[in-house]
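A short write-up of the structure that comes next.
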Amino acid sequence: MSSIKEEIPVPKMNDLDKLTPYRICISALIKTFHSKRLFDAVNGTPNVSKCTRDFCIMLIKVLQKPDLELSELWSLLISESYELPPALLITFKDELLLITRKGIEALVDYIDNLNRLMEYENSLAYDYFSIAKTSVVGVYLRRLIVNFDRLTFFEVTEVFSEFQKYCKDFEELSLEQENVKELNMDNWTMEKDMWTRRQAELFIATQAALVESNEGKAMNPKELQKVIANILKTNPDLAEAHFLAYLNYIRVKEYCGAIESLYGCFDLNQIEEIKNNEDKPKYTRYAALNLAALHYHFGHYDETLASLKEAIKLAQDANDNLCLQHAMAWLHRLLIKHNDRITEHSLLSSFTLSMSYRPSTSIQNCMKMSSICSTKPSEILDSLDKADIAYYQHNDRDLISNSYTIKSSLWQFYGKPEMSSLWSHLTLYLNIGNTTPTKANYGEPFCISICNVALQLLGEGKYNLAYSALNFAKRRFPDDPNCQLWMLCENLFYFLRALYHEQWAEAEAAARKMMLVDKWESYLRLAELYLYKEDHKEAKRFIDLIFDRYKIKDKYEFKGYQFVRAKLLQAQIEFSCNLNESLPPSIIDLLNDILNETKKYKLDYYTSMVHLVIANMQLSIGMAKQALVNLDKCMTQIMAHGGCYDRARCWLFYIKALTAESERLTNTQERAELILERITILDEVKDLFRRVEAFTRVKDVVYLQAKLYDQLGMKEERNKHALEFRTLNEEYVSKNMETLIRHI
């Protein structure tokens, strides 16, 4: 029976770079410039440093790029970006034409002369002007010479024939940029997109770094895939190209292409390991680990767990603790139960193996889990601050930005959006002054911070600024997975604006678009929409869908703030359904359950919203005094941390409750003074509603002002607000006529 090593065909590795006419032209350019510098030195001609600098910069770029057409190369040489002497370009042109006219013998002599450029390395006289063999240019020339020496006579003849076709119309090119015309390259039969292995490796490493940390500077997916295809034509055994294709397919969420590229990458790596007689191939376990990450990205959680189990098993068999720790890190994302034991084991193993990055990610994951396990906020934030010291010492921008984003999310979780916005701004400021694209960090934390700032501006009614921030995120993160973040914020932007305008169709369309990104957030917004439309049956249906999620999945120990919001909406729906009847006792029990939940997990803002809903219900059944008591418990929190809309609703409810309570006063003069003293607050309420363009709520405020002035006998002010109400009513027709009564 044959072994596995005998069954798998091992492709022959191509260690040599194919010699092309373009690379001969580049070597001629180097030789011409070297001769010019040597001539200037002998004749005492002053050296122009800017010319030398421009030539070196241009040379590095052409060495890193694949083969260019002759017209493209010439356009680059005479462009205004580089100040190259005309004499240099004329000499370069003459040398190429001389080779084409004299034949193969001239080409062979020319290649032999390239060796002389590096012969004076140890000479004191020419040490400054020689080309070091270990330099970038020296390595390039030596590889070209070696590749040429290994060619047969027939292959040399073929190379010269292609070189003649490549330079056929070179005489027609001039030194003037506007006179450069596109040459006919149909006779050039060699591949135009020829990548050496080193060029391909540099390109792949650069693009992979950009895709990971600075996607806006990376090539768009369509163009990048074309380049990868060209690289694989000349380097079919380059596994890194398949992995870059895998990352590129992930950006556009192409499952079939991603998994095919991943298999292609690790198949090539495994073949190489079998060729090196390794009993336990390293890339097999890492293939399983990457396959788990792929399935997790597409939401295949069962397949993710199966791949992780395989990776863990292979890592244990090979005694690979590094792979095992990375697999444990992915378990943090999948398993909520027993996470404390996983974290403790990972931290101990990471410190033992001197893995500085893994303990940091474990600590951050642990803090995120602690926030949903009723741990004190002060302890969580204190632990994160202590962990930050290590990040600052190593200047690890990735971990620093992750830490800032976690703190921003925690403050938002605890109901302090101003603090959340502060940490988001700190994340955005991290990259100021960093001009290197591959070293900047524009990953997921950066996108989350932009979205947080946009939501903060949205809450303050600054729609133009919020829209500008979202557009910036769209340009910076056009592809998956970060695009899902701004897509959710964008649809929330359209939903809230349409809801305030009472444009039900537009609001529903925006809410349903959210379903592509976050299904449960979409259900919550649809329930909120139908509550305002007074379609209580449909609103209950969406709330029940959210509750079914937590009934089916028992693994949710903490049901999340979405569950709290769903319960709060359920209480408001039941209250709105029974407004004309007695208040059902089940609502009070439901609200008490929500209060216990929000206090347990320190959700201060939602605790305040629950108190506001309870106060509204108390006011509806004639308990104005108790409503004001409940309002005192939440008013400070809402005024300090709420958006314009919530602050306006809170002030409006305060005036409503105060007016209802003042009816108990027997002294008419005292009641009139109390109302008159507070009625000016309604002008500020109108301004807050106008900021968010909630014009129907502005009408409610104007109507209330007119009624109060009528009760006070101030006819002039009453008529003024009545006219204002009529003007608003003609411009903005209300679809929900009972917002002042039913809603806060």
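Scanning segment 387-403 for residues that are open to solvent by less than 50 Å² (accessible area, probe 1.4 Å) and not in a helix (DSSP H, G or I) gives a single hit, Asp396. When Lys707, Lys699 are checked against the criterion of being buried (at least 18 other Cβ atoms within 10 Å of the Cβ), among the basic types (Lys, Arg) and under 19 Å from Phe653 (Cα atoms), Lys699 stands alone in meeting it.
Here is a yes/no grid of residues against (1) in contact with a strand residue (DSSP E or B) (Cβ under 9 Å, 6 or more places away or on another chain); (2) among the hydrophobic types (A, V, I, L, M, F, W, C); (3) farther than 20 Å from Leu590 by Cβ:
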{"residue": "Lys474", "(1), (2), (3)": "no, no, yes"}
{"residue": "Asp480", "(1), (2), (3)": "no, no, yes"}
{"residue": "Asn491", "(1), (2), (3)": "no, no, yes"}
{"residue": "Leu496", "(1), (2), (3)": "no, yes, yes"}
{"residue": "His501", "(1), (2), (3)": "no, no, yes"}
{"residue": "Trp504", "(1), (2), (3)": "no, yes, yes"}
{"residue": "Lys519", "(1), (2), (3)": "no, no, yes"}
{"residue": "Glu528", "(1), (2), (3)": "no, no, no"}
{"residue": "Leu545", "(1), (2), (3)": "no, yes, no"}
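Against the criterion of being over 19 Å from Phe170 (Cα atoms) and surrounded by fewer than 17 Cβ atoms within 10 Å (Cβ to Cβ), Glu80 qualifies.
Could you name every one of the helices (runs of 4 or more DSSP H) located completely within segment 404-523 that has at least 3 residues being touching a residue at least 40 places away in the same chain (Cβ under 8 Å) and open to solvent by less than 40 Å² (accessible area, probe 1.4 Å)?
Working: elements: 417-429, 444-459, 463-476, 483-500, 504-513.
Hits in segment 404-523: 444-459.
Quick one: count up the residues across segment 240-257 that are closer than 10 Å to Pro221 by Cβ and in contact with a Gly (Cβ under 7 Å, 6 or more places away or on another chain). Total meeting the criteria: 1. With respect to the stated conditions, Leu244 fails to be touching a helix residue (DSSP H, G or I) at 6+ places or on another chain (Cβ under 6 Å) and at pLDDT below 80.
Please pick out the residue among Lys602, Lys633 that is under 28 Å from Lys376 (Cβ atoms) and not in a helix (DSSP H, G or I). Can you show your working first?
Details: Lys633 fails: not in a helix (DSSP H, G or I).
Just a single option satisfies the conditions, and that option is Lys602.
Residues that are of a type in the set (A, V, I, L, M, F, W, C), closer than 26 Å to Lys222 by Cα and either modelled with pLDDT under 90 or within 12 Å of the chain's Cα centre (by Cα) (or both) occur in segment 421-442; there is at least one.
Within segment 710-737, track down each residue that is in a helix (DSSP H, G or I), among the hydrophobic types (A, V, I, L, M, F, W, C) and loosely packed, with under 15 Cβ neighbours inside 10 Å.
So the first thing to find is which residues in segment 710-737 are in a helix (DSSP H, G or I), and the list is 710-711, 715-731.
Checking the rest, the ones that are also among the hydrophobic types (A, V, I, L, M, F, W, C) come to 722-723, 725, 728.
Within segment 710-737, just Leu723 meets the criteria.
I'd like the full set of residues that are polar (S, T, N, Q), under 40 Å from the mean Cα position of the chain (by Cα) and open to solvent by less than 10 Å² (accessible area, probe 1.4 Å), limited to segment 567-625. Correct list: Thr598, Ser608.
Sort out which residues of segment 647-664 are farther than 19 Å from Gln618 by Cβ and open to solvent by 30 Å² or more (accessible area, probe 1.4 Å), and write them in order of number. Don't jump to the end; show me each part of the working.
Keep residues of segment 647-664 that are farther than 19 Å from Gln618 by Cβ, which gives 647-648.
Once the filter is applied, which keeps residues that are farther than 19 Å from Gln618 by Cβ and open to solvent by 30 Å² or more (accessible area, probe 1.4 Å), segment 647-664 yields only Arg647.
Let's see how each residue does on (1) farther than 25 Å from Asn482 by Cα; (2) modelled with pLDDT of 85 or more; (3) charged (D, E, K, R):
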{"residue": "Ile228", "(1), (2), (3)": "no, yes, no"}
{"residue": "Asn290", "(1), (2), (3)": "no, yes, no"}
{"residue": "Ala293", "(1), (2), (3)": "no, yes, no"}
{"residue": "Gly299", "(1), (2), (3)": "no, no, no"}
{"residue": "Thr304", "(1), (2), (3)": "no, yes, no"}
{"residue": "Lys309", "(1), (2), (3)": "yes, yes, yes"}
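The values are calculated or read from the model by the stated rules, or taken from the named source; none is laboratory data. Every value quoted in this text rests on a predicted model; they were computed, and no experiment measured them. Note that each Cβ is placed from the backbone with ideal geometry, even for glycine, and that neighbours are counted across all protein chains shown. Areas reflect the complete protein model, heavy atoms only, side chains present, ligands, DNA and RNA absent. Shrake-Rupley method; radii C 1.70, N 1.55, O 1.52, S 1.80 Å.
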